[in-house]
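So the structure is just underneath, and the comments pick up after that.
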Amino acid sequence: MPPLIALEQVHKRYLMDGVAVHALRGIDLAVERGELLAIMGPSGSGKSTLMHILGCLDLPDSGRYRLDGVDVTHMDPDALAHTRNRTIGFVFQSFNLLARTSALENVETPLIYAGVGRDERRERARAMLERMGLGDRMGHLPSQLSGGQQQRVALARALVTRPPLLLADEPTGNLDSRTSAEILALLDELNHAEGVTVVLITHEEEVAQRARRRLTLRDGRLDRPEGPP
Amino acid sequence: MIWATAFPLALRALWRNKTRAMLTALGVIIGVGSVIAMVAVGAGAQARIAQQLESMGSHSLMVRAGTITRGGVRTGAGTTTSLTVADAEAIAELPGVIAVSPTVRASVQARYGGSNWGTVVDGATPGFLEVRAWPLAEGDPFTERHVAAAAHVCVLGQTVARELFGLVSPVGEVIIIRGLACRVLGVLAAKGANAWGVDQDDSILAPLSMVQRKLLGITHIQAIEIQTSGAQAAARLEAEVKRLLRERHRLQPDQEDDFRIHNRAELAETSAESARVFTWLLGSIASVSLLVGGIGIMNIMLVSVTERTREIGIRMALGARRRDILWQFLLEALFLSAAGGLLGILLGVGSALALGHFSQFQVAIAPWSILLAFSFAGLVGVFFGLHPARKASRLRPIEALRYE
Ligand SMILES: Nc1ncnc2c1ncn2[C@@H]1O[C@H](COP(=O)(O)OP(=O)(O)O)[C@@H](O)[C@H]1O
Ligand SMILES: [Mg+2]
């Protein structure tokens with residue numbers, strides 16, 4: 001079986017006011033199924049850029065990205081949308097919940113695009129929110145939820161399609177330490193108990209300690225891997 | 001499937017912004033409403049003109065006695081005495097003529113009991129009612145036998161009947177016309193004013209021969225109404241009647257006509273045409289407001305797409321395809337215009353009815369205008385919704401997601 005994620009010499013440049021920013025300078029990376037990988041690095045080192053490429057939200061300028069053995073760099077927008085829907089779950093630092101939309105409807109949204117029927121959709125969204133400990137908050141709007149609760153809604157939404165890959169870009173960046181710990185425990189449990197592959201970007205050393213594998217991004221390049229391969 | 005998902009999403013998005021949705025739809029509501037109301041006014045005018053023409057006997061030619069020049073003195077219209085019943089009979093033989101009606105007219109004072117009323121008596125043959133398409137309200141018309149006998153009988157117009165008899169039925173009663181006792185055989189149906197505002201019901205109809213001999217003391221006639229099979233036949237017959245009458249009246253090439261021919265079919269055609277143009281004019285002016293309503297929709301949808309860029313990014317990250325986004329926004333625009341269209345129909349029909357009720361305007365709500373205005377509103381929705389919807393669907397996921 002090929003690795004779930006396989007990057008070869010991935011480059012990404014941004015052009016800002018005529019100045020090119022070389023955000024990724026040749027990334028080689030393989031992530032096996034069931035891994036929990038932590039990526040660290042200073043601000044501006046290209047972590048989010050890498051995450052967007054891994055999540056098929058953006059395409060590399062050069063290099064190859066194979067997800068589950070399939071080269072995504074030549075996919076059309078619809079196929080990429082399909083991949084994001086079926087293969088990937090996202091958790092962002094800023095939650096990115098749909099505003100003025102209840103927790104339940106937020107969690108249902110990816111299932112809508114997966115073509116799941118109304119009743120099943122509702123059932124699965126409910127079950128996932130209950131698992132995240134939000135059984136009594138389903139009708140709440142994001143603005144009526146605390147940061148930790150919002151991130152748990154986001155997590156429920158990311159997982160409701162049962163994707164094999166969960167990408168979390170500084171998921172605890174906007175949370176206090178206690179709720180951070182809860183979220184991280186949830187990610188840990190998902191990885192251990194359900195075998196979901198997790199790629200986690202974080203600033204915090206202690207968070208990274210829990211990962212079995214850690215990488216550091218510096219100036220668009222990955223340092224030598226630390227910890228067990 | 002796209003519909004099943006985009007439908008509720010679009011509805012919900014509109015619901016979240018009720019006030020804005022309502023205001024946006026207002027443009028379409030007013031547009032559709034005014035198209036329907038304006039066309040109703042135009043169609044009302046059209047119907048009124050058609051009724052009036054009908055009551056005058058459309059598709060008809062009218063021959064009137066003309067002027068004569070004798071020793072340089074020209075007498076007024078209708079003063080020649082050369083037009084005769086025989087002329088009318090000759091015209092009736094021409095192909096394309098459906099009916100002819102020779103007439104004379106006398107101004108009279110009519111009396112019944114203590115009431116009297118100044119009116120006119122039209123002397124005519126039974127064909128007159130056919131040419132005018134004029135039914136009786138009660139009683140019977142006079143017949144050829146009455147005409148042959150110059151019988152003292154008559155049929156009353158509604159106005160005359162009302163003025164002389166009030167609410168009592170005049171049928172069978174005897175009225176006095178210029179000292180002549182005439183039995184009332186029937187009453188004509190109400191016809192109202194003609195296109196020139198003359199009350200057509202203010203007249204008495206009597207046998208031609210009786211009016212000629214007993215009231216006017218003449219043997220000629222004053223006019224011949226000719227019913228033709230259509231506007232084309234009327235145009236052709238106009239020339240033929242002219243030739244025939246000149247020949248019968250033995251006019252030399254250098255003499256002018258001693259009669260005049262009026263082509264009412266032509267008049268009817270022109271009036272009907274101008275009423276149609278009027279309707280379309282009103283309709284198109286109103287359509288402009290519908291167009292403006294559409295631009296309002298586009299404006300709001302563009303604002304909405306910009307405002308919701310982040311939402312679009314999130315949806316794309318969760319797996320929405322371009323067409324999912326396209327349909328969501330397009331359906332929003334379509335809903336706005338369809339809801340606006342439906343409310344506009346209510347507004348248009350309502351204001352047309354109110355206008356017909358409270359003003360002088362005759363209105364006729366044209367079903368085609370409702371259909372047209374509603375489909376136009378739909379088209380406006382698609383046309384002006386498509387651009388913003390395409391714009392939304394073409395956003396790159398990562399850029400939409402990062403939009404502040
Ligand atoms: N859309 C963009 N346009 C221009 N430059 C960008 C854009 N996104 C990121 N960058 C630049 O690329 C570099 C990497 O950014 P990012 O991946 O967000 O870093 P990190 O997430 O590690 O803080 C930074 O220098 C940033 O300024
Ligand atoms: Mg970042």
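The values are calculated or read from the model by the stated rules, or taken from the named source; none is laboratory data. Every value quoted in this text rests on a predicted model; they were computed, and no experiment measured them. Neighbour counts are summed over all protein chains in view; Cβ atoms, including those assigned to glycine, are modelled from backbone coordinates with ideal geometry.
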query: For A:R64, which of the numbered conditions (1) basic (K, R); (2) out of contact with any helix residue (DSSP H, G or I) (no Cβ under 9 Å at 6 or more places or on another chain); (3) within 8 Å of chain B (Cβ to nearest Cβ) fails to hold?
result: (3)
query: Take the residues of segment A:205-225 that are surrounded by 13 or more Cβ atoms within 10 Å (Cβ to Cβ) and modelled with pLDDT under 80: which is farthest from the chain's Cα centre (by Cα)?
result: A:P225
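Please work out if A:A103 is over 21 Å from A:R213 (Cα atoms), crowded, with 18+ Cβ neighbours inside 10 Å and away from every other protein chain (no Cβ under 14 Å). Spell out how you get there, then give the answer.
Details: over 21 Å from A:R213 (Cα atoms): yes; crowded, with 18+ Cβ neighbours inside 10 Å: yes; away from every other protein chain (no Cβ under 14 Å): yes.
For A:A103, the condition - over 21 Å from A:R213 (Cα atoms), crowded, with 18+ Cβ neighbours inside 10 Å and away from every other protein chain (no Cβ under 14 Å) - is met.
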Failed condition for B:V305, given (1) touching a strand residue (DSSP E or B) at 6+ places or on another chain (Cβ under 9 Å); (2) away from every other protein chain (no Cβ under 14 Å): (1)
- prompt: Scanning for something among the hydrophobic types (A, V, I, L, M, F, W, C) and part of a helix (DSSP H, G or I), does segment A:15-37 turn up at least one residue?
  reply: no
statement: A:P60: passes all of (1) part of a loop (DSSP other than H, G, I, E, B); (2) surrounded by fewer than 16 Cβ atoms within 10 Å (Cβ to Cβ) but (2)
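Going through A:D119, A:D136 one at a time, which residue ends up being surrounded by fewer than 16 Cβ atoms within 10 Å (Cβ to Cβ) and within 26 Å of B:A10 (Cα to Cα)? Let's see the steps before the verdict.
Working: A:D136 fails: within 26 Å of B:A10 (Cα to Cα).
The conditions single out A:D119.
Condition test on B:L237, is it assigned to a helix (DSSP H, G or I), over 30 Å from B:I370 (Cβ atoms) and modelled with pLDDT of 85 or more?
yes
Can you pull out every residue in segment B:352-371 that is among the hydrophobic types (A, V, I, L, M, F, W, C) and part of a helix (DSSP H, G or I)? Even if it seems obvious, please write down each step before you answer.
Taking segment B:352-371 and keeping what is among the hydrophobic types (A, V, I, L, M, F, W, C), we get B:352-355, B:358, B:361, B:363-366, B:368, B:370-371.
Matches in segment B:352-371: B:A352, B:L353, B:A354, B:L355, B:F358, B:W368, B:I370, B:L371.
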message: Where the second residue is more than 16 Å from ligand 1 (Cβ to nearest atom) and among the polar types (S, T, N, Q) and the first is more than 14 Å from every other protein chain (Cβ to nearest Cβ) and assigned to a helix (DSSP H, G or I) and lies in segment A:180-203, which pairs have Cβ atoms under 7 Å and are six or more apart or on separate chains?
response: A:I183/A:Q151
- request: Look at segment A:81-91 and say how many of its residues are at the interface with another protein chain (Cβ under 8 Å from one of its Cβ atoms) and touching a residue at least 12 places away in the same chain (Cβ under 8 Å).
  value: 5
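Table: residues versus (1) β-branched (V, I, T); (2) over 13 Å from the mean Cα position of the chain (by Cα).
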residue	(1), (2)
A:F90	no, no
A:V107	yes, yes
A:Y113	no, yes
A:E120	no, yes
A:E123	no, yes
A:M132	no, yes
A:A156	no, no
A:A168	no, no
A:H192	no, yes
- request: Evaluate segment B:271-286: report whether one residue or more is within 28 Å of A:P110 (Cα to Cα), modelled with pLDDT under 90 and either crowded, with 22+ Cβ neighbours inside 10 Å or not aromatic (F, W, Y) (or both).
  value: no
statement: Among residues of segment A:8-29 being within 16 Å of ligand 2 (Cβ to nearest atom) and within 13 Å of A:I53 (Cα to Cα), the residue surrounded by the most Cβ atoms within 10 Å (Cβ to Cβ) is A:L24
- request: Scan segment B:81-125 residue by residue and report those that are part of a loop (DSSP other than H, G, I, E, B) and surrounded by fewer than 16 Cβ atoms within 10 Å (Cβ to Cβ).
  value: B:T81, B:E93, B:P95, B:G96, B:G113, B:G114
- request: Report, ordered by the first and then the second residue, all pairs with beta carbons closer than 7 Å, sequence separation of six or more or different chains, a first member in segment B:272-285 that is closer than 16 Å to B:V363 by Cα, and a second member that is of a type in the set (S, T, Y).
  value: B:G283/B:S369
- request: Specify the residue that is farthest from ligand 2 (Cβ to nearest atom); the eligible residues are those in segment A:38-57 that are within 12 Å of chain B (Cβ to nearest Cβ) and either more than 14 Å from the chain's Cα centre (by Cα) or assigned to a loop (DSSP other than H, G, I, E, B) (or both).
  value: A:C56
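For the structure I just gave you, tell me whether A:R13 is more than 16 Å from ligand 1 (Cβ to nearest atom) and among the basic types (K, R). Give the steps one after another, and end with the answer.
Details: more than 16 Å from ligand 1 (Cβ to nearest atom): no; among the basic types (K, R): yes.
No, not satisfied.
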- prompt: Taking segment B:245-270, which residues are modelled with pLDDT of 85 or more, within 12 Å of B:V63 (Cα to Cα) and in a helix (DSSP H, G or I)?
  reply: B:L245
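Just checking, how many residues over segment B:349-404 are among the basic types (K, R) and in contact with a helix residue (DSSP H, G or I) (Cβ under 6 Å, 6 or more places away or on another chain)? Before you say what the answer is, go through the steps one by one.
The initial filter retains those residues of segment B:349-404 that are among the basic types (K, R), namely B:390-391, B:394, B:396, B:402.
Imposing the further condition that a residue be in contact with a helix residue (DSSP H, G or I) (Cβ under 6 Å, 6 or more places away or on another chain) reduces the set to B:391.
Qualifying residue count, segment B:349-404: 1.
Pick from segment A:151-164 the residues that are crowded, with 24+ Cβ neighbours inside 10 Å and away from chain B (no Cβ under 13 Å): which of them is nearest to ligand 2 (Cβ to nearest atom)?
Residues of segment A:151-164 crowded, with 24+ Cβ neighbours inside 10 Å: A:151-158, A:160.
Narrowing the set further to residues that are away from chain B (no Cβ under 13 Å) leaves A:151-152, A:155.
Numbers: A:Q151: 16, A:R152: 21, A:L155: 18 Å.
Among those residues, the one meeting the criterion is A:Q151.
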task: Output the residues belonging to segment B:119-153 that are more than 15 Å from B:S203 (Cα to Cα), of a type in the set (G, A, S) and more than 29 Å from the chain's Cα centre (by Cα).
output: B:G139, B:A148, B:A149, B:A150, B:A151
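Which residue out of B:R246, B:R322, B:R250 is of a type in the set (K, R), more than 35 Å from the chain's Cα centre (by Cα) and within 14 Å of another protein chain (Cβ to nearest Cβ)? Explain how you work it out, then say what you get.
On the way: B:R246 fails: within 14 Å of another protein chain (Cβ to nearest Cβ); B:R250 fails: within 14 Å of another protein chain (Cβ to nearest Cβ).
Among B:R246, B:R322, B:R250, only B:R322 is of a type in the set (K, R), more than 35 Å from the chain's Cα centre (by Cα) and within 14 Å of another protein chain (Cβ to nearest Cβ).
Conditions tested, residue by residue: (1) within 12 Å of ligand 1 (Cβ to nearest atom); (2) at positive phi; (3) buried (at least 21 other Cβ atoms within 10 Å of the Cβ); (4) modelled with pLDDT of 95 or more.
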residue: A:L50; (1), (2), (3), (4): yes, no, yes, yes
residue: A:G69; (1), (2), (3), (4): no, yes, no, no
residue: A:T73; (1), (2), (3), (4): no, no, no, no
residue: A:T87; (1), (2), (3), (4): no, no, no, yes
